[in-house]
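Below: one structure, written as structure tokens.
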Amino acid sequence: MKKLLFLLWGLITTQAVHSAEISYINYDGMNVIVIAGPIISGDARKFKEIARKIIDGKAVVFLNSQGGVAYEAINIGEYINKTSFVTVVAPYDECYSACAIIWSSSHNKVANLPYSIIGYHAIYNGYTGEQTGYANAKLGAVLSRWGYSDRAIEFMTFARPKEFNYLTKNNAARYGINYNELDFSKGNSNHTHYEQTAYDTVAGFYNALSVADGDLAAAYVIPEKRGVGPFNQKNIFKFYSSLQIPLEVQSITQISNNQFTVNYTFTATKTQCKGIATVNVVNRNGYYLIQSIKANC
């Protein structure tokens, strides 16, 4: 493990893991898979396609994601749990909800708490925006199969959708969430941050609206506003899935570093909305996330 941690340190201090998707890197003979950005439908398939090409069955999975589609994360986690893959959240990187499920799946987890930010909460239904008993029961069963205690599972699944239980050294020890601590104090880990522009965040959010995916849309919003008002997953699905003609973005114009104007159209009943929205984003530890939106319709 010490040799592996040394190689990880070498990787983290390079430019090698800049990404905004699932990608493969061979670093000094080590197989590295990077999962960066929102976890979306199809990512489990993409991950497995990459993983199955690794001949020796050994890989390190770097995670840097605000979360996304939980069932995709569970599928990725189930694959990792049956392998010797190592999961890593580097310091100052963030791994929320669905991402935290993936990190937890490995028998060999690496982090630098509290600088590696890992946040758990209950699974919510992307179509209703509410906690779903069935999905959380399934996640609980999966976590139990991965070897976690009832107390650890409660910690991982208790927080409401717009809240998080953050992993610390103390509660990791308390709940038996074992991991390998890696000291990054001598270096700068900013190189592990994926490069997703503010424009990409705004475009990704409106793409999620166009397919009425409240789960994915919420991954582009600051955590404290997820599940609230117009960012409520239930409201997003209910409104955008009922449109006669789906939302279509006409243009996205950057006004300043943190502000955009989005022009779009949709038809709810008989009248077409010609929407104009002012979207404000904020940079959170290398992530651009949506902070607020003002729109005419």
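Mind checking the full-extension length gain between Gln291 and Ala141? Use 0.36 nm per residue of separation minus the Cα-Cα distance, one decimal, nm.
Using 0.36 nm per residue and subtracting the Cα-Cα distance, I get 50.5 nm.
How much net charge surrounds Gln291 when only other residues with a Cβ under 13 Å from its Cβ are counted (Lys, Arg +1; Asp, Glu -1)?
It works out to a net charge of +3.
Where does the range 29-102 land on Rg(C-alpha)/(2.2 N^0.38 Å)?
With N residues counted in the range 29-102, Rg over 2.2 N^0.38 Å equals 1.01.
Along the Cα→Cβ direction, 7 angstrom out, place labels at Ile276 and Asn258. What is the inter-label distance in nm?
Reported label-point gap for Ile276 and Asn258 is 2.4 nm.
Can you order the peptides 250-262, 51-63, 102-114 by their average number of other Cβ atoms within 10 Å per residue, highest first?
102-114, 51-63, 250-262
Filter Lys53/Lys138; Lys46/Lys138; Lys225/Lys270; Lys109/Lys169; Lys53/Lys169; Lys234/Lys274 down to the pairs with a C-alpha to C-alpha distance above 25 Å, please.
Working: Lys53/Lys138 29 Å; Lys46/Lys138 23 Å; Lys225/Lys270 31 Å; Lys109/Lys169 13 Å; Lys53/Lys169 35 Å; Lys234/Lys274 23 Å.
The answer is Lys53/Lys138; Lys225/Lys270; Lys53/Lys169.
Just add up the charged neighbours of Ile117: K/R +1, D/E -1, any other residue whose Cβ is under 13 Å from the Cβ of Ile117.
Spelling it out: positives minus negatives among the neighbours equals -1.
Would you work out if the range 198-295 is rounded, prolate or oblate? Take a ≥ b ≥ c from the square roots of the eigenvalues of the alpha-carbon gyration tensor; rounded if a/c is under 1.5, else prolate when a/b is larger than b/c, oblate otherwise.
Oblate, since a/c reaches 1.5 and b/c is not below a/b.
Any read-out appearing in this document is the output of simple, stated calculations on the displayed coordinates, not a laboratory observation. Only a predicted model underlies this, so the values are computations on that prediction, with no experimental measurement involved. Cβ atoms come from the backbone with ideal geometry, glycine included; neighbour counts cover every protein chain shown.
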